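Asks: What follows is a structure written as structure tokens; I'll ask about it next.
The values are calculated or read from the model by the stated rules, or taken from the named source; none is laboratory data. Every value quoted in this text rests on a predicted model; they were computed, and no experiment measured them. Note that we place each Cβ from the backbone using ideal geometry, even for glycine, and neighbour counts take in every protein chain shown. What goes into the accessible areas is simple: the full protein's heavy atoms, side chains included, and nothing from ligands, DNA or RNA. Shrake-Rupley method; radii C 1.70, N 1.55, O 1.52, S 1.80 Å.
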Amino acid sequence: MSRAHKIGSLLFCPDCGTLLNLPIGDEQTVVCEQCAHEEPITTRSHPDAFPSALQQKRKTQTKTHNADEVRLKVTELCPNCGHLEAYSEEKQLRSADEGSTILYTCVKCKYGWRVNN
Ligand SMILES: [Zn+2]
Ligand SMILES: [Zn+2]
């Protein structure tokens, strides 16, 4: 059994390829003007036309960011405002001989400075 080719809202006759006139109102079939083929009209929608795998894939793309996990609150005197709390972040330099640098950011005024070990 051949089925009509439906492209968008257009319907073509499966027998001769003629563009069929869509039915008006409650008509359940369209008749081809060229070959008299009768094509049943299905108005049933397809809610599951899109695979659910696509929706599941979109969910897994949500990522949690841990931007603050390397920051550590320490007691350090801010050279800018004299506040005694700062966030510290240790940066390892390329060479082990050069030691490491600790970056401080003042909790109060957000002033940043670094101390070499
Ligand atoms: Zn036809
Ligand atoms: Zn400060």
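Asks: Tally up the residues in the range 13-38 that are part of a strand (DSSP E or B) and open to solvent by less than 100 Å² (accessible area, probe 1.4 Å), please.
Replies: Start the filter on the range 13-38 by keeping residues that are part of a strand (DSSP E or B), which leaves 19-20, 29-31, 38.
Checking the rest, the ones that are also open to solvent by less than 100 Å² (accessible area, probe 1.4 Å) come to 19-20, 29-31.
Residues in the range 13-38 being part of a strand (DSSP E or B) and open to solvent by less than 100 Å² (accessible area, probe 1.4 Å): 5 in total.
Asks: Which of the residues that make up the range 1-12 are open to solvent by 90 Å² or more (accessible area, probe 1.4 Å) and of a type outside the set (A, V, I, L, M, F, W, C)?
Replies: If the condition is that a residue be open to solvent by 90 Å² or more (accessible area, probe 1.4 Å) and of a type outside the set (A, V, I, L, M, F, W, C), then Arg3, His5, Lys6 are the ones that fit.
Asks: Is it the case that the range 83-102 has a residue that's modelled with pLDDT of 90 or more and within 16 Å of ligand 1 (Cβ to nearest atom)?
Replies: Scanning the range 83-102, I find no residue that is modelled with pLDDT of 90 or more and within 16 Å of ligand 1 (Cβ to nearest atom), so the answer is no.
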